[in-house]
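Enquirer: So that we are looking at the same thing, I have put the structure below in structure tokens.
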Amino acid sequence: RQREIALLRAIGGLPRQGRRLLARETLMVTLFGALVGIWPGFWLGELLASAMRDKGLLPGGFETGPGVWPPVAAVATVLLVSQVAAYVAGRRAGKVRPIEALAVSSSSPRGIGWTRGCAGLLAAGGTGALFLVAGSVRPSIAPALVPATVMAAVLTVALFAPLLVLMGVQLIGVVAGRVFGASGFLAVANARSQVRRMAAAAIPLALTVGVACMTLFQQSTLEAESSSQRDDRVTAEHVIDAGPAGLSPHVVDELASKSSGAVVGLADTDVYGSFELDPYAAKAVVGDSLAGVLDLGVGKGSLESLSKDEVALSEDAAAGLGAELGEPVDLRLGDGVVHQPTVVAIYEKSLGFADVLLPWASLDGHLTDPLLSVLLAADGEDPEQTAAAVRALHRDHPTTVVGGAEIIAATEDANADTQAWVNYMLLGLVIAFAAFALLNTLMLATRDRSREYALLQLIGASRRQVRRMMRIEGLMLVLIGWAIGGAVAATTLMPFARAVTGSSRPDVPVASLAAVLLGTAVLAWLATMVPTRGTMRARPVDAIGIRE
């Protein structure tokens, strides 16, 4: 709008009149869009709640209702952001003299201003600080830092977008001109002269790639590490799932008396730190020893036995509770009773299992459902005797499911799938928004270039060369967007993987990565080539006179 504000000033208008015009237009458009978007938002919220009820994430009788304050807050936020943006844009355009504005608006500047540069440096500093912190925190805290890290990284690349895109164009231009000939030369020249236009399209593309990779590969890294720990953790040859009816703790003694190996029963519960509201996942343990049935990677202490008034903690829980080996720790049981057991072991392999292990004697009378969920039995010296005892238990309790470690794997995978479903649902919403922003930006930018296409044809370029130029520009846009989005994802995933797994290398499934890259490439191609073909249907002599 720089040319329009310049013309307004040239015919006698004041700078503040141009800013007011821009602010009022932005207000009307934003208000209309915000009000129209409220009803789809309510419908989407109800659809989301229904899906969560079907998945068991919400109670069956849970109902949603339209409130007043959420839409009011959303509309107010959108209006505030749009007015600030209109003021900044109008103020900058109003400072330029009309004659200079008419000349400068034909080609966008390549650099960034001092204000934007300083803001970018602050954002980069914040991203670096979050990168370092996220890699050194406890595994339970690492997921909470992922959104902040990705937003800081996106803000950084958005502020430095013109410079990053210019660097990408310079690198690609070394090859494009030689490989693609005249069309490559035209594409590189256009990209260099209109860096801000390409940057405006590259950021939604990078946002789509970065957020998609962050969500997908964060989940895959968690699942891979959980699976690895589970495979190493369960050493028992026999696993008995108690089923929906559960099993009495006395079954452990009965099975142990008939088998030759160790037998342990586990029940799920929650415990709390003395001043914490979020619970720690805990297991109530029935049995004399965990040796031979579970290998939790004990780093300090011993889990040969777990007696009353003793507790074993994961490294994460020990750090959160400030607990030390051999010292008492303050816990609150599920019914609110304060318990101070002594820490006898600190273990590593807790992902997908539990952070606290307490003996049944400490929790007896404090459980809502005093039944076991799973039994673990080791073969011991006589595998046949143990197998016969397990078969006899199954005959006496036909609702149980008997097998090996795959039973626990199936249960944990089902829980992981539910959590993954929530992440993928949120990912779908973000990708839909980013894809719409990408399509809208590219299509509008391409449509506005009708005079440019006409001028290229009038000076000798063929339609085929112009379309090929646009394909090359689209390719440059995709490559630059991939690179920036990949950098955003790496900045987020590397510290997360280091905190969770101890390695900075996240788990990246090739199929998921290929789907993200191919999907964004198809979006960019459609948003570039479809409007290009439509714009070039007009004759060059007619299109050259079209108003910009």
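The values are calculated or read from the model by the stated rules, or taken from the named source; none is laboratory data. Everything numeric here is computed off the predicted structure, so don't read it as measured data. Here Cβ is always computed from backbone atoms with ideal geometry, including for glycine, and neighbour counts include all displayed protein chains. Only protein heavy atoms, including side chains, enter the accessible area calculation; ligands, DNA and RNA are left aside. Shrake-Rupley method; radii C 1.70, N 1.55, O 1.52, S 1.80 Å.
Enquirer: For region 230-312, what is the convex hull (Cα atoms) projected area averaged across all directions, in square nanometres?
Expert: 7.1
Enquirer: Further question: Taking the simple approach of a point 7 Å from Cα along Cα-to-Cβ for both Gln83 and Gln465, what is their distance in nm?
Expert: 5.1
Enquirer: Follow-up. If I model region 132-276 as equal point scatterers sitting on the Cα atoms and use the Debye formula, what is log10 I(q)/I(0) at q = 0.09 Å⁻¹?
Expert: Debye curve over Cα of region 132-276, log10 I(q)/I(0) at q = 0.09 Å⁻¹: -0.60.
Enquirer: Would you be so kind as to identify which of Leu439, Leu479, Val466 lies farthest towards the positive end of the dipole of region 438-479, taking Lys and Arg as +1 and Asp and Glu as -1 on Cβ and the Cα centre as origin?
Expert: With unit charges placed on the Cβ atoms, the residue in question is Val466.
Enquirer: Another question, if that's okay. Given q = 0.13, 0.17, 0.26, 0.30 Å⁻¹, what are the Debye log10 I(q)/I(0) values for region 196-257, with equal point scatterers placed on the Cα positions and solvent ignored?
Expert: The calculated log intensity ratios at q = 0.13, 0.17, 0.26, 0.30 Å⁻¹ are -0.65, -0.81, -1.05, -1.13.
Enquirer: How much length is gained on full extension from Ala361 to Ser504, taking 0.36 nm per residue of separation minus their Cα-Cα distance? All intermediate terms of the calculation are to be shown ahead of the outcome.
Expert: Numbers: separation 143, 0.36 × 143 = 51.48 nm, distance 4.11 nm.
The Ala361-Ser504 span can extend by a further 47.4 nm.
Enquirer: Given the DSSP H assignment, sum -39500 (n - 2.57) over each helix run of at least 4 residues in the chain and divide by its residue total; what's the result at 222 nm in deg cm²/dmol, nearest 500?
Expert: -22000 deg cm²/dmol
Enquirer: Compute the FRET efficiency between Leu371 and Ala392 as 1/(1 + (r/R0)^6), taking r as their Cβ-Cβ distance and R0 = 25 Å, and round to the nearest 0.05.
Expert: 0.80
Enquirer: Another question, if that's okay. Among rounded, prolate and oblate, which fits region 327-428 when a ≥ b ≥ c are the square roots of the eigenvalues of its C-alpha gyration tensor, a/c under 1.5 means rounded, and a/b larger than b/c means prolate?
Expert: Oblate, because a/c is 1.5 or more while a/b does not exceed b/c.
Enquirer: Next up: Hey, with R₀ at 30 Å, roughly what FRET efficiency would Ala514 and Val29 work out to, going by the Cβ-Cβ distance, to 0.05?
Expert: Working: r = 38 Å, r/R0 = 1.27.
Efficiency, from the Cβ-Cβ distance: 0.20.
Enquirer: Give, in nm to one decimal, the length gained when the segment between Lys300 and Val72 is fully stretched (0.36 nm per residue of separation minus the Cα-Cα distance). Display every interim value, and only then the final one.
Expert: Numbers: separation 228, 0.36 × 228 = 82.08 nm, distance 5.36 nm.
Result: 76.7 nm gained on full extension.
Enquirer: Per residue, how many Å² of accessible area does region 315-421 show with a 1.4 Å probe?
Expert: 48
Enquirer: Could you tell me what percent of the accessible area of the chain is made up of carbon and sulfur, with a 1.4 Å probe and every protein chain present?
Expert: On the way: 17590 of 28150 Å².
It is 62 percent, rounded to a whole number.
Enquirer: Right, here's the next one. If the convex hull of the alpha-carbon atoms of region 442-488 is projected onto planes in all directions, what is the mean projected area in square nanometres?
Expert: The Cα convex hull of region 442-488, projected and averaged over all directions, gives 3.6 nm².
Enquirer: Ok, one more. Cross-chain or 8 or more residues apart, Cα under 26 Å: how many lysine pairs in the chain fit that? Count them up, please.
Expert: 9
Enquirer: Then there's this: Can you compute the charge dipole magnitude of region 323-417 about its Cα centre, using +1 on each Lys and Arg Cβ and -1 on each Asp and Glu Cβ, nothing else charged? Give it in debye, rounded to the nearest 20. Write down the numbers at each step before the final one.
Expert: Numbers: 4 positive and 17 negative charges, 50 e Å.
Taking the Cα centre of region 323-417 as origin, the dipole is about 240 debye.
Enquirer: Please give the net charge around Gly404, taking every other residue with its beta carbon less than 13 angstrom from that of Gly404, where Lys and Arg add +1 and Asp and Glu add -1.
Expert: Net charge around Gly404: -4.
Enquirer: To the nearest 10 degrees, how steep is helix 463-501 against the longest Cα principal axis of the chain, on a 0 to 90 scale?
Expert: So the helix axis and the longest Cα principal axis differ by about 30 degrees.
Enquirer: Kindly express, to the nearest 10 degrees and within the range 0 to 90, the angle between helix 510-535's C-alpha long axis and the longest C-alpha principal axis of the chain.
Expert: For 510-535 against the chain, the angle is about 20 degrees.
Enquirer: Something else about it: In nm, to one decimal, how far is the modelled label at Val338 from the one at Leu444, with both set 7 Å along Cα→Cβ?
Expert: Output for this residue pair reads 6.1 nm.
Enquirer: Report, in debye and to the nearest 20, how large the dipole of region 360-408 comes out about its Cα centre when Lys and Arg carry +1 and Asp and Glu carry -1 on their Cβ.
Expert: On the way: 2 positive and 8 negative charges, 40 e Å.
Result for region 360-408 is approximately 200 debye, rounded to the nearest 20.
Enquirer: May I pose another question? Give the average over all directions of the projected area of the C-alpha convex hull of the chain, one decimal, in nm².
Expert: 32.1
Enquirer: Another question about this same structure. If I take every Cα pair under 8 Å that is 6 or more residues apart in the chain, average their sequence separation and divide by the length, what percent do I get for the relative contact order?
Expert: Computed value for the chain: 20 percent relative contact order.
Enquirer: Compare Asp268, Asp316 by solvent-accessible area with a 1.4 Å probe and give them largest first, with all protein chains kept in place. Kindly include the intermediate steps, with their values, before the conclusion.
Expert: Values: Asp268 100, Asp316 15 Å².
The most accessible residue leads, giving Asp268, Asp316.
Enquirer: With a probe of 1.4 Å, find how much accessible area region 144-292 has per residue, and write the answer as a whole number in Å².
Expert: On the way: 5910 Å² over 149 residues.
That works out to 40 Å² for each residue.
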